[in-house]
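Engineer: Got a structure here, written out as structure tokens. Questions coming.
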Amino acid sequence: MGLIAGIELVADKASKRSFDAKAGVAPKVVQLAQEEGLITRNLPGDAVALCPPLIITEEQIEEMWDCLARALDRAEEWVRKEGLRG
């Protein structure tokens, strides 16, 4: 048993249009999250999974979400800079 959360990354939230698979958006988010001190993993279809231990504290959960938010903000900058929204 364990704890898992997943986030699907899309190019357009309203239409749920995916990014081009070749763009590597989820792997970039995983890289940026790791740089922020958070270990995540890339799942098929531009999704990112978080798998914290069951003994995680509320403080650590807040820290985990803060790290992820910073990584996602950095990824959004990268997506815009690279023109990946098409």
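Engineer: Mind checking which lysines have their C-alpha under 17 Å from Lys28, skipping anything on the same chain fewer than 8 residues away?
Structural biologist: Result set, ordered by chain and number: Lys81.
Engineer: Of the residues Glu76, Glu35, Glu59, which exhibits the maximal mean-square fluctuation in a Gaussian network model of the chain defined by a 10 Å Cα contact cut-off?
Structural biologist: It is Glu59.
Engineer: In terms of Cα to Cα distance under 13 Å, which aspartates and glutamates are near enough to Lys22, apart from those fewer than 8 places away along the same chain?
Structural biologist: Excluding near neighbours in sequence, the set is Asp46, Glu82.
Engineer: As an exercise, use a Förster radius of 30 Å and the Cβ-Cβ distance of Ile4 and Arg70 to find the FRET efficiency, rounded to the nearest 0.05. Before the final figure, lay out each step's value.
Structural biologist: Values: r = 21 Å, r/R0 = 0.70.
Once the sixth-power term is evaluated, E becomes 0.90.
Engineer: Okay, next question. Tell me which residues come under 5 Å, amide H to amide H, from Leu43 once H is placed; ignore anything under 5 positions away on its chain.
Structural biologist: Val48, Ala49
Engineer: Which residues does a label at Leu43 reach in the range 64-78, if reach means a backbone N under 18 Å from a point 7 Å past the Cα toward the Cβ?
Structural biologist: The answer is 65, 68-69, 72.
Engineer: Would you calculate the volume per residue, in Å³, of the smallest convex hull containing every Cα atom of the range 18-86? List each step's numbers first, then the result.
Structural biologist: On the way: hull volume 5.5 nm³, N = 69.
Convex hull of Cα atoms, per residue: 79 Å³.
Engineer: Over what distance in Å are the Cα centres of the range 53-82 and the range 1-32 separated?
Structural biologist: Using only Cα atoms to place each centre, the spacing works out to 13 Å.
Engineer: Which of these, Asp66, Asp20, Asp12, has the largest mean-square fluctuation under a Gaussian network model of the chain (Cα springs below 10 Å)?
Structural biologist: Asp12
Computed from the coordinates by the stated procedures, all read-outs in this text should not be read as laboratory data. Bear in mind the structure is a predicted one, so any value in this text is a computation, not a measurement. Backbone-built Cβ (ideal geometry, glycine too); neighbour counts: all protein chains shown.
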